[in-house]
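Since the structure comes first, as structure tokens, the remarks are kept for the end.
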């Protein structure tokens, strides 16, 4: 990634898309590290995070993340997810944030030099093109290393720079949580190795 210390940056994070990309690569995003990384790369003007929320649920697994982001330097943009039934009769939820993201990016384009879009959604290709016409450089962060690939080829071609999320895993990621059974098995194995080493020392 090419950044200049004096350039004004804005981050646009398509929450659902980034989550799916990171999950496909086997790690979780550490949003504190992500924010710190880009604060070091330029003058960070805004960091937007977009997600839809299911309001009727008593507990949403994304709620703690959303609350943390809201208090820790991110501009949170949410809307209520809409319920629908898919072809198999299962209840699903849909919440499209594309228009919200596009409006915010066009509005801020006059006040920044570089936009970083965390999404591989091909629907954003025209948005990226429009922002580039205003003189703003656009870096797209997604991945082609997951199965299936998450980055649209059209969006990759339009971006000034494409960064594969896999290449940022050591910088902004943390290992995905393993199931408790695997964690316990690994802990037991480490303990057993430690006991064996102690026995070897004693003998």
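No value in this document is a laboratory result; all are computed from the given coordinates. Just so we're clear, the structure is a prediction, and the values are computed from it rather than from any experiment. Every residue, glycine among them, receives a Cβ derived from its backbone with ideal geometry; neighbour counts consider all protein chains shown.
What the table below lists for this structure:
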| item | result |
| --- | --- |
| Hits in segment 12-27 (condition: within 17 Å of residue 164 (Cβ to Cβ) and surrounded by 15 or more Cβ atoms within 10 Å (Cβ to Cβ)) | 13, 14, 17, 18, 19, 20, 21, 22, 24, 25, 27 |
| Members of segment 17-36 that are assigned to a helix (DSSP H, G or I) and either closer than 17 Å to residue 68 by Cβ or touching a strand residue (DSSP E or B) at 6+ places or on another chain (Cβ under 6 Å) (or both) | 18, 19, 21, 22, 31, 32, 33, 34, 35, 36 |
| Output for segment 104-131, where each listed residue is farther than 30 Å from residue 27 by Cβ and in contact (Cβ under 8 Å) with a residue 24 or more places away in the chain | 106, 109, 110, 111, 129, 130 |
